[in-house]
Amino acid sequence: MMDTLPIEIALDILSRLPVTCLTQIKCVCKAWCALGQDPRLSVLYHTRAINKDPCLILHRNSPIRNELYHVSSARVPEGLLNKATRIDSRVTSILPDHNIIGSCNGLLCISDVLHIDPMYILNPFVGSHTRLPRPISYHEQEVTLGFGYHPITKEYKVVRITSYVNKDSYLSLVGWFEESDVQVFTLGMKAWRSIGTIAWRIDGISSEALSNGALHWVTMRREYLPNHSLHIVSFDLGEERFKEIELPSCGSLSSCNFHLISLQGCLSAAVCCPEGQIETADQGSHPSSLRLEEWRNLAGV
Amino acid sequence: MASTDDKVILKSSEGECFEVDMAVASHLQIVKSVLEDCEGSSDKVVSLFIVEAKYVAMIIEYYKNYVELKEKHEEGGFEEKLKEFEKQFLEQIDKKELKGLVMAVNYLNAPALFDVVCTAIAKHIENKSVEYVREYFGIVNDFTAEEEAQIREEHRWAYDGVNDD
């Protein structure tokens with residue numbers, strides 16, 4: 001009988017371990033250390049973990065140095081509290097002051113707080129990270145980002161939407177961001193790709209929700225314009241196309257009282273109510289659905 | 001040995017023969033494909049060259065119960081009964097043998113048992129020290145002392161509550 005454990009069996013066994021053990025496993029030998037960074041592991045791990053022990057990554061935005069913690073719901077021995085553990089040693093060494101652009105399958109996409117660049121995709125549990133190449137930047141620009149995974153193409157992508165001022169246009173005199181450029185970076189590739197422009201002005205620094213392989217943003221919440229109305233814009237990470245989604249008719253979504261979230265895989269809106277409750281409305285269980293008018297009310301979440 | 005149509009003989013690496021119902025053996029993908037390849041031939045002996053007899057016996061025991069339970073609980077409740085049996089089944093297996101078993105199961109391509117054994121091994125090495133894991137799998141540490149110290153330093157948070165055995 002063979003003596004050494006074949007790599008695919010090791011991978012399978014490792015994917016069944018709680019995340020803290022996964023980190024120790026990197027010390028066993030060089031081959032296992034490499035396994036800890038194998039993208040197959042993160043996908044296998046995630047599909048198992050989501051069914052068994054969901055784990056939260058918490059981000060504490062403190063001055064100068066940000067902190068990351070993780071809380072796992074896995075097997076806490078009786079009598080012990082489920083403690084949050086700090087996991088930011090690697091993150092703070094590469095980028096102490098960062099924004100979290102997005103997280104999916106245990107991977108985080110972070111960017112510099114002030115300048116956006118550099119950006120990294122990293123796995124805080126095993127400490128591996130990739131620095132993203134430099135995108136095209138513009139003189140006066142506003143950047144909105146998004147990070148997600150598409151379950152069919154099995155690719156991780158970062159989307160960068162830039163609005164900028166065209167210096168040759170008279171509108172530049174009033175600082176009007178009339179031009180746009182959308183760039184996509186696929187994890188594993190060497191450079192950003194420009195895929196065209198976007199017809200909407202997006203609010204916020206990063207995408208609010210990832211559901212069904214699509215990123216979602218809300219259009220400018222405080223646009224000073226006649227006929228201004230609010231929209232949700234989605235970007236399918238597989239097709240790489242934008243699409244507008246109508247706001248739910250139920251509930252009381254006004255311009256700035258809600259956040260998009262992904263609830264059980266459905267695009268949802270979380271609304272802060274005056275009594276301190278959170279109400280959510282979701283889009284209906286139709287995956288990648290076009291029948292977007294069907295928002296349901298989910299109370300008491 | 002009487003060999004009827006729905007029986008097959010599995011031969012271990014030591015040459016020991018096990019007569020098994022086809023319904024049981026067909027859960028082993030490798031046996032299934034060998035038999036399909038030589039369909040029509042009267043020879044119903046499949047040699048499992050690298051699998052020791054003790055593992056062949058374990059695998060047969062698992063799938064025999066699997067098939068029986070599935071028949072008995074067709075109406076429902078199969079999964080709970082199987083879980084109960086899996087617990088007993090794993091209790092009688094020495095921890096050192098799990099590693100040999102998982103490789104045998106992987107070779108025979110038997111998904112249900114593979115899942116069970118991988119989970120059992122993961123449970124066993126969970127919260128064990130790095131040294132224990134190396135010894136358990138017979139892995140040689142190929143890090144230099146400095147390299148290992150560096151990795152440990154990076155992940156100090158993960159070493160709280162580790163057992164030494």
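Taking a point 7 angstrom from the Cα of B:E68 along the C-beta vector, which residues in segment B:24-60 have backbone N less than 15 Å away? Only B:24-25, B:58-60 fall inside the zone, counting backbone N under 15 Å.
Between the amide H of A:S128 and those of A:N123, distances stay under 5 Å, these residues lying 5 or more places away or on another chain, with hydrogens modeled in the peptide plane. Once both labels are positioned 7 Å from their Cα atoms along Cα-to-Cβ, the gap between A:A31 and B:S129 label points is 2.4 nm. Largest mean-square fluctuation among B:F85, B:F143, B:F18, in a Gaussian network model of chain B whose springs join Cα atoms under 10 Å apart, belongs to B:F143. Between the amide H of A:H231 and those of A:T219, distances stay under 5 Å, these residues lying 5 or more places away or on another chain, with hydrogens modeled in the peptide plane.
Sort A:Y138, A:Y149, B:Y55 so the one with the fewest other Cβ atoms within 10 Å of its own Cβ comes first. All intermediate terms of the calculation are to be shown ahead of the outcome.
On the way: A:Y138 17, A:Y149 20, B:Y55 24.
If I rank by nearby Cβ atoms, fewest first, I get A:Y138, A:Y149, B:Y55.
In the structure shown, the pairs B:K54/B:K87; B:K70/B:K99; B:K95/B:K123; B:K54/B:K96 are assessed against 21 Å; a Cα-Cα span above that value is assigned to B:K70/B:K99.
Panel order for A:I116, A:I7, A:I110, by other beta carbons found within 10 Å of each beta carbon, from fewest to most: A:I7, A:I116, A:I110. When the alpha carbon coordinates of segment B:4-126 are projected onto the principal axes, the ranges are 46, 37, 19 Å, largest first.
By counting other Cβ atoms within 10 Å of each Cβ, how are A:S206, B:S13, A:S163 ranked from fewest to most? Don't skip to the answer; put the middle values down first.
Details: A:S206 19, B:S13 16, A:S163 22.
Least crowded to most crowded, the residues run B:S13, A:S206, A:S163.
Every read-out reported here was derived from the displayed coordinates using simple, explicitly stated rules and does not represent laboratory data. Given the structure is predicted, the values throughout are model-derived calculations rather than measurements. Cβ: placed from backbone, ideal geometry, glycine included. Neighbour counts: every protein chain shown.
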